[in-house]
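Read through the structure below, which is laid out as structure tokens, and then see the notes.
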Ligand code: SF4
Ligand code: SF4
């Protein structure tokens, strides 16, 4: 396959906003596979059962797409300055804009059509030319990204790119096209003796082998986790309402982070702009929740997960003015919400340090 076609594909990727873009051979990554299986065996995937299903597929492209020859690895920068949510809480950067799955999937669909056009291969459900994935697994796409020299995997388990640091969505297109792979770049990147991410992680979730124990990670606990947050971890969550960026915020490689050009990631969905903890604690129905968060990654936590998280943050911040709402939630028919609300009330009222008095901003006003 010609170098020319590979270049055309990269140019198209960049026209869709992807950067960096790399091409790598679709080979089985046995080392990454063993690493992944051992990560699962240690229980670090917590209760995310989908990670265990057909695990071999994740590092064997041939099992995902028969005849796979190349993988086009794509990065999409989402960095932006954090949205201020007053003194109350923080939301991970990636979740402050539109749902990246929707944004990237739309781009990948265009990409699939483009590949059919330029290769002259019509689409068939029986012999597809390509398959694309966003956020496919915890190891595979990172391992392929590293193999493609798109970046290196840091101690915080993130892929760190030379161009933008680590605030980057990864996606990939596996294709039967035989494209010219990129040569390894001179820039290898490394952590060296730095341990900033390990040191700052409040729950000690970062393991020495560059993996994350999801059972301890605030991102898992506040997003994917459907049950109670273990009591001993609640104080460590601080004011993270959804996700956690600490191990990326401290990374020295992120001095290279530049604001994203993707409008969908720049803007804060309107309903969230004036969001307050009080507002979250008073969401009574799934419809209200959907009205506030439709089209954003926050949908993933679901209503009861987000209220659970809001109870923890309110307790950690000792927000006295939220006590009436927390007392109401402590009577909830939902045992998980009731228990977290009760925990929060106790954290506010029996803490050794003084509870924080009502702020000058009324909790009914957006902060
Ligand atoms: S996201 Fe937060 S909790 Fe998870 S590993 Fe990073 S610093 Fe630790
Ligand atoms: S903070 Fe330091 S140790 Fe952690 S990923 Fe960045 S460079 Fe590596």
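Quick rundown of the values:
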{"item": "Protection proxy ranking, peptides 257-266, 71-80, average beta carbon neighbours within 10 Å, highest first", "result": "71-80, 257-266"}
{"item": "Rg/Rh (Cα only; Kirkwood hydrodynamic radius) as it applies to region 233-305", "result": "1.02"}
{"item": "Packing-based ranking, highest mean first, of 47-59, 317-329 given that Cβ atoms within 10 Å are counted", "result": "317-329, 47-59"}
{"item": "Per-peptide average of other Cβ atoms within 10 Å, ordering 331-339, 24-32 highest first", "result": "24-32, 331-339"}
{"item": "Tilt relative to the chain, helix 30-41 - C-alpha long axis, 0 to 90 degrees, to 10", "result": "20 degrees"}
{"item": "Relative contact order, percent, the chain [alpha-carbon distance under 8 Å, six or more residues apart]", "result": "21 percent"}
{"item": "Gain in span if fully extended, residue 261 to residue 188, counting 0.36 nm per residue against the direct Cα distance", "result": "23.7 nm"}
{"item": "Where labels lie 7 Å past Cα in the beta-carbon direction, separation of residue 178 and residue 285 in nm", "result": "6.0 nm"}
{"item": "Value of relative contact order over region 3-175, rounded to a whole percent, pairs C-alpha under 8 Å and six or more apart", "result": "31 percent"}
{"item": "The chain: angle of helix 302-317 to the longest principal axis, Cα-based, in degrees nearest 10", "result": "60 degrees"}
{"item": "Separation of the residue 249 and residue 63 label points, Cα + 7 Å toward Cβ, nm", "result": "3.9 nm"}
{"item": "Helix 100-119 vs. the chain, principal-axis angle (Cα, 0 to 90°, nearest 10)", "result": "10 degrees"}
{"item": "Rg and Dmax of the chain, Cα atoms only, in Å", "result": "22.0, 70"}
{"item": "Cα Rg, Dmax, region 3-175, angstrom units", "result": "16.9, 56"}
{"item": "Per-residue Cβ neighbour rank within 10 angstrom, fewest leading, 174, 345", "result": "345, 174"}
{"item": "Viscosity 0.890 mPa s, temperature 25 °C, Stokes-Einstein D of region 99-241 from Kirkwood C-alpha radius, µm²/s", "result": "137 µm²/s"}
{"item": "Chain lengthening between residue 323 and residue 121 when straightened (0.36 nm per residue, less Cα-Cα)", "result": "66.4 nm"}
{"item": "Segment residue 210-residue 334, length gained on full extension (0.36 nm per residue, minus Cα span)", "result": "40.9 nm"}
{"item": "Neighbour-count order for 299, 168, 140, fewest beta carbons within 10 angstrom listed first", "result": "299, 140, 168"}
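A short reminder: the numbers here are calculations on the coordinates, not readings from a lab. On a predicted model such as this, the values are computed, not experimentally measured, just so you know. Backbone-built Cβ (ideal geometry, glycine too); neighbour counts: all protein chains shown.
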